[in-house]
């Protein structure tokens, strides 16, 4: 993956496939350039065996191909910078879900840029408009935030997947990055 | 300055359109957005189809959707076009530039861009 925003798109899409109703995507960069990326969902979760194997590229639950590269690629991107990947997941009927946390030293020469995270968020929402997304990107200088639950209260019955709505979301997020 | 008031205006405009759109015939453009597709460049391709369909005024006739891996990772980004009464068309190694041509020639003009299909790339 050329950008971390593509890893975000890839991992968060798995959350929606897992039946999540809320996906929280958080980017926090501290004053030393250390980035913590967290993707948390309330999807069906994974059993212990799956969690243990999930960052093995030759382990996958899918049937269309024999490799599962999403989390291994994210782990590679994190560890290349001296960071790490941790995965917590439970199938507990009351609090099921998965939390993927990756850390990156963004000052490291091998750190991939975050890239076009706005496009990733727009595509996630457009692809699964029935799911809610809470996106935050914090640095010491600014905070970017979008919560689709708040947008739904304005939109009434209009879908988040309507082109005009997605373009508004794109402009709304871009504006926060520019300010 | 983009505000929630702009979103409310979009809601008011869209409410009527949603009612008109219900039940209308649909062509489906499906973009593969699994790890293989994303790594190969499917994100700008999906953006190009969404924007192109809007610009051509085809939103009432064509929906642009996403799918997972269909098992031909070496051909990603893969885009499938489903039209009523016609065979599915599978475009491979699609770029935003190719998307533009597919929209103009296939989705608007009705002519499959044969050179971009999987049959021409095997």
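Based on other C-beta atoms within 10 Å, arrange A:96, B:106 from fewest to most. Each step should come with its number before you reach the end.
Values: A:96 18, B:106 21.
By the 10 Å Cβ count, ascending: A:96, B:106.
Per DSSP H run of n ≥ 4, the term is -39500 (n - 2.57); total these for chain B, divide by its residue number, and report the mean residue ellipticity at 222 nm rounded to 500 deg cm²/dmol. Before the final figure, lay out the partial values.
Values: 4 runs with 45 residues, N = 122.
Computed mean residue ellipticity for chain B: -11000 deg cm²/dmol.
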>> Only counting other Cβ atoms within 10 Å, I'd like A:117, A:17 sorted with the fewest neighbours first.
In response: A:17, A:117
> Within segment B:25-121, what percent of beta bridges assigned by DSSP are antiparallel, to the nearest 5?
Replying inline: 55 percent
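Multiply the residue gap between residue A:134 and residue A:2 by 0.36 nm, knock off their C-alpha separation, and tell me the result in nm, one decimal place.
Numbers: separation 132, 0.36 × 132 = 47.52 nm, distance 2.39 nm.
Once the chain is fully extended between residue A:134 and residue A:2, it gains 45.1 nm.
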>> Per 0.36 nm of contour for each residue apart, how much would the distance between residue A:80 and residue A:17 grow if the chain were fully extended, relative to their Cα-Cα spacing?
In response: 19.9 nm
> Quick one: helix B:42-55 against the long Cα principal axis of chain B, what's the angle to the nearest 10°, folded into 0 to 90?
Replying inline: 50 degrees
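At 0.36 nm per residue, and after removing the present C-alpha to C-alpha distance, how many nm does the segment from residue A:92 to residue A:26 gain when stretched out fully? Let's see the in-between values first.
Numbers: separation 66, 0.36 × 66 = 23.76 nm, distance 2.34 nm.
Roughly 21.4 nm would be gained on extension.
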> Roughly what would the spin-label model give for residue B:54 and residue B:67, points 7 Å off Cα along C-beta, in nm?
Replying inline: 2.4 nm
> Quick one: if you stick a label point 7 Å off each Cα along the C-beta vector at residue A:52 and residue A:142, how many nm between them?
Replying inline: 4.5 nm
> Rounded to the nearest 500, what is chain A's calculated 222 nm mean residue ellipticity when only DSSP H runs of at least 4 contribute -39500 (n - 2.57) each, over all residues?
Replying inline: -11000 deg cm²/dmol
> How crowded by other chains is A:23-32, given as the mean number of beta carbons from other chains within 10 Å of each beta carbon?
Replying inline: 0
> Within the protein assembly as shown, what percent of beta bridges assigned by DSSP are antiparallel, to the nearest 5?
Replying inline: 70 percent
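For an R0 of 35 angstrom, estimate the FRET efficiency from the Cβ-Cβ distance between residue B:118 and residue A:171 and round to the nearest 0.05.
On the way: r = 36 Å, r/R0 = 1.03.
My answer for the efficiency is 0.45.
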> For segment A:143-172 and segment A:1-79, what is the separation of their C-alpha centers, rounded to whole Å?
Replying inline: 24 Å
> So for A:71, B:7, fewest C-beta neighbours within 10 Å to most, what's the order?
Replying inline: B:7, A:71
> Over chain A, what is the relative contact order in whole percent, taking alpha-carbon pairs under 8 Å and six or more residues apart?
Replying inline: 25 percent
>> Restricting to Cα pairs below 8 Å that are 6+ residues apart, what does the relative contact order work out to for segment B:25-121? Please round to a whole percent.
In response: 33 percent
> Put a dot 7 Å past each Cα toward the Cβ at residue B:111 and residue B:2; how far apart are the dots in nm?
Replying inline: 3.8 nm
> Between residue A:150 and residue B:28, what is the FRET efficiency for a Förster distance of 41 Å, r being their Cβ-Cβ separation, to the nearest 0.05?
Replying inline: 0.85
>> If you average the alpha carbon positions of segment A:103-121 and of segment B:68-98, how far apart do those two centres end up, in angstrom?
In response: 29 Å
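Counting partner chain Cβ atoms within 10 Å of every residue's Cβ in A:170-177, what's the average?
2
Read-outs throughout are calculated quantities, based only on the coordinates presented, and are distinct from any laboratory measurement. Just so we're clear, the structure is a prediction, and the values are computed from it rather than from any experiment. Cβ atoms come from the backbone with ideal geometry, glycine included; neighbour counts cover every protein chain shown.
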